[in-house]
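Here the structure is laid out as structure tokens; the discussion comes afterwards.
The values are calculated or read from the model by the stated rules, or taken from the named source; none is laboratory data. Please read all numbers here as calculations on a predicted model, not as lab measurements. Quick reminder, even Gly has a Cβ in these numbers, built from the backbone with ideal geometry, and neighbours come from all protein chains shown. Please note that ligands, DNA and RNA were not included when accessible areas were found on the heavy atoms of the full protein model with its side chains. Shrake-Rupley method; radii C 1.70, N 1.55, O 1.52, S 1.80 Å.
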Amino acid sequence: MAHVRAGQPATEADLINVDEVLAAYHELVPDPSNPDQRVVFGTSGHRGSSPDTKFNDAHIAATTQAIIEYRAGQGTTGPLFIGKDTHALSLPAWTTAIEVLVANGVAVLAEREDEYTPTPAVSRAIIRYNRERPEALADGIVVTPSHNPPRDGGFKYNPPNGGPADSDATGWIADRANQLLAELKEDAGAIARTPYPLASSSVTRYDYRTAYVADLAQAIDFEAIQRSGLRIGADPMGGASVQYWGAIAHTHGINLTVINPEVDPTWRFMTLDTDGKIRMDCSSPNAMASLIRNRTAFDLSTGNDADADRHGIVTPDAGLMNPNHFLAVAIWYLFTHRPGWSADAKVGKTLVSSSMIDKVAAEIGRELVEVPVGFKWFVPGLISGEMGFGGEESAGASFLAMDGSTWTTDKDGLVLDLLASEITAVTGRTPSQHYADLEARYGASSYARVDADATREQKARLSKLSADDVTATDLAGEPITAVLTHAPGNGAAIGGIKVTTEHAWFAARPSGTEDKYKIYAESLKSPEHLQQVLAEAKQVVDAALA
């Protein structure tokens, strides 16, 4: 049930005390024997809040040192690109990391202290550098908790492929970081650091923005957008894209207005998310309430989360598009408007994304690759060009450049927002109107994701469930046709279960950052049937966990 103030503007009572959050980062020291205070990499790096002793100076120093040792073991000898978003904890964590990197002799490429860098700009920089200098590969760190609330910090590693690190890498890094946390508790000098005022002189300042913005012409048809005169509104939502959208409009000559250029670590200008928290989730109707209310002000409006790896598409005719709906339209459009792509390029989706994508892939005659949750699973295909598009239900996606070469191997909310403008400009119809066409052909889809509370032990149990643990034979009036614990596209464990019937499915998996598990569900019958699926899904999962 939504919070009573969901979708309403934040008040002073909703705001964090930035000074307290920053003080806690430096003053609180994690206890490595406490599981709640250890380094834990979820699907997108280590996240937590400094007042909870889950994201503090020691965590970042230890994780950076572990990354240094990991990259050395992998033979990664080139520079390391590092970028940060606008969360209050991002600048201090970025500073900590640079102190450790410089002390260990790693060549660092970074923006300036008052600049912000979207995740896709870091991915693009790594790919560009390694394409030109394959003899000494670069890698990267992005300091961001993505769309998480203002009190949180995040820290993720991107290896030389430019995408999110795989579980082998993150597992090794987390284990080593926790060993180092124990060493730091005994000896505060266990990790070498160069104080930032000295370290900063060794940093090569890198202009992520100019290079990324110029390269966008390799992925987007800006001439079509120019000719159309399309009026675009882009809301950075207080995140790292704030310094990018104006540059994109100027460089490529499109009629784009930056709706809100304000940066404030409290995010006081946001509307509250479904649970009553400030959260920069551009796929949430409540977090995007202000854009939705003003959707007729532009021909198309877009939003991004704090590190701009997610997209939000708002049209005058439909408001905020469900991310699954836009992914389906994007796939249809790209594979019919990119003659430079291989005729064998595949469609990638996470197994909790809409089955409407399956129908689109069949219509355009492309192989569908269904993978577990996590963008890392798309990286090999995007690097090789075998996968034209990779997308996940949480509004994260990327696709190949026009010539079939790699664009980014991490989620890119900027390029997906721009694709929505290209689709509208080229076809004369909004993405939501195109999705209505898909529903006319294939029927309506009802989709939802809900969270349920779970202890750490229950989350661990859920991640290891087998098909035999599901004793139910029916779901919402239909026989269960399959119980999956591995993704059909690559055989990888999904860290949970997916249960299917003829007209519906649900999947359940533990949250990587909260004491919850997530239930995803879809019905091809009706919204009422979807609610029945969701209710029975929780019963199935609770029975399996009992």
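Criterion first (more than 26 Å from residue 163 (Cβ to Cβ) and surrounded by fewer than 23 Cβ atoms within 10 Å (Cβ to Cβ)) does residue 426 satisfy it? Yes.
Does residue 395 satisfy the condition of being under 25 Å from residue 305 (Cα atoms) and touching a Cys at 6+ places or on another chain (Cβ under 8 Å)? Answer is yes for this residue. Is there a residue being of a type in the set (Phe, Trp, Tyr) and over 28 Å from residue 403 (Cα atoms) anywhere in the stretch 199-214? Scanning the stretch 199-214 turns up no residue that is of a type in the set (Phe, Trp, Tyr) and over 28 Å from residue 403 (Cα atoms).
Considering the stretch 222-235, the residues that are touching a His at 6+ places or on another chain (Cβ under 8 Å) and surrounded by 15 or more Cβ atoms within 10 Å (Cβ to Cβ) include one that is nearest to residue 401 (Cα to Cα), namely 222. Considering 203, 263, 213, the condition of being of a type outside the set (Gly, Ala, Ser), open to solvent by less than 60 Å² (accessible area, probe 1.4 Å) and closer than 17 Å to residue 417 by Cβ is satisfied by 213 alone. For the stretch 489-508, the set of residues classified as under 22 Å from the mean Cα position of the chain (by Cα) and under 20 Å from residue 361 (Cβ atoms) consists of 489, 490, 492, 494, 498, 507, listed by residue number.
Residues in the stretch 62-83 that are among the β-branched types (Val, Ile, Thr), part of a helix (DSSP H, G or I) and under 14 Å from residue 108 (Cα atoms): 64, 67, 68.
Within the stretch 509-521, can one find any residue that is over 23 Å from the mean Cα position of the chain (by Cα) and under 28 Å from residue 375 (Cβ atoms)? Checking the stretch 509-521: not a single residue is over 23 Å from the mean Cα position of the chain (by Cα) and under 28 Å from residue 375 (Cβ atoms). Note on the stretch 39-68: residues that are under 24 Å from residue 375 (Cα atoms), out of contact with any strand residue (DSSP E or B) (no Cβ under 7 Å at 6 or more places or on another chain) and at pLDDT 95 or above total 3. Under the condition of being within 18 Å of the chain's Cα centre (by Cα) and buried (at least 20 other Cβ atoms within 10 Å of the Cβ), the residues counted in the stretch 345-380 number 17.
Given the structure, is residue 202 in contact (Cβ under 8 Å) with a residue 40 or more places away in the chain, more than 22 Å from the chain's Cα centre (by Cα) and closer than 25 Å to residue 114 by Cβ? So residue 202 passes the test. Across the stretch 236-246, what is the total count of residues that are touching a residue at least 24 places away in the same chain (Cβ under 8 Å) and open to solvent by 30 Å² or more (accessible area, probe 1.4 Å)? Here the count works out to 1.
Yes or no, residue by residue, for (1) hydrophobic (A, V, I, L, M, F, W, C); (2) on the phi > 0 side of the Ramachandran plot; (3) open to solvent by less than 10 Å² (accessible area, probe 1.4 Å):
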{"position": "269", "(1), (2), (3)": "yes, no, no"}
{"position": "274", "(1), (2), (3)": "no, no, no"}
{"position": "277", "(1), (2), (3)": "no, no, no"}
{"position": "283", "(1), (2), (3)": "no, no, no"}
{"position": "287", "(1), (2), (3)": "yes, no, yes"}
{"position": "292", "(1), (2), (3)": "yes, no, no"}
{"position": "296", "(1), (2), (3)": "no, no, no"}
{"position": "309", "(1), (2), (3)": "no, no, yes"}
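Within the stretch 301-323, residues that are more than 20 Å from residue 249 (Cβ to Cβ) and free of Cβ contacts under 8 Å to residues at least 40 places away in the same chain sit with their Cβ atoms under 8 Å from residues that are of a type in the set (A, V, I, L, M, F, W, C) and open to solvent by less than 20 Å² (accessible area, probe 1.4 Å), at 6+ positions apart or across chains, in these pairs: 320/288; 320/291; 320/313; 320/314.
Residues considered: 411, 359, 346. Of these, the only one that is closer than 30 Å to residue 296 by Cβ and of a type in the set (Lys, Arg) is 411. Screening the stretch 452-476 for residues that are over 27 Å from the mean Cα position of the chain (by Cα) and open to solvent by 70 Å² or more (accessible area, probe 1.4 Å) and picking the one that is farthest from residue 505 (Cα to Cα) gives 468. So which residues in the stretch 23-52 are surrounded by fewer than 16 Cβ atoms within 10 Å (Cβ to Cβ) and either in a helix (DSSP H, G or I) or in contact with a Pro (Cβ under 8 Å, 6 or more places away or on another chain) (or both), if there are any at all? The answer is 23, 26, 27, 35, 36, 52.
Taken as a whole, the stretch 258-281 holds at least one residue that is free of Cβ contacts under 8 Å to residues at least 40 places away in the same chain, part of a strand (DSSP E or B) and over 19 Å from residue 395 (Cβ atoms).
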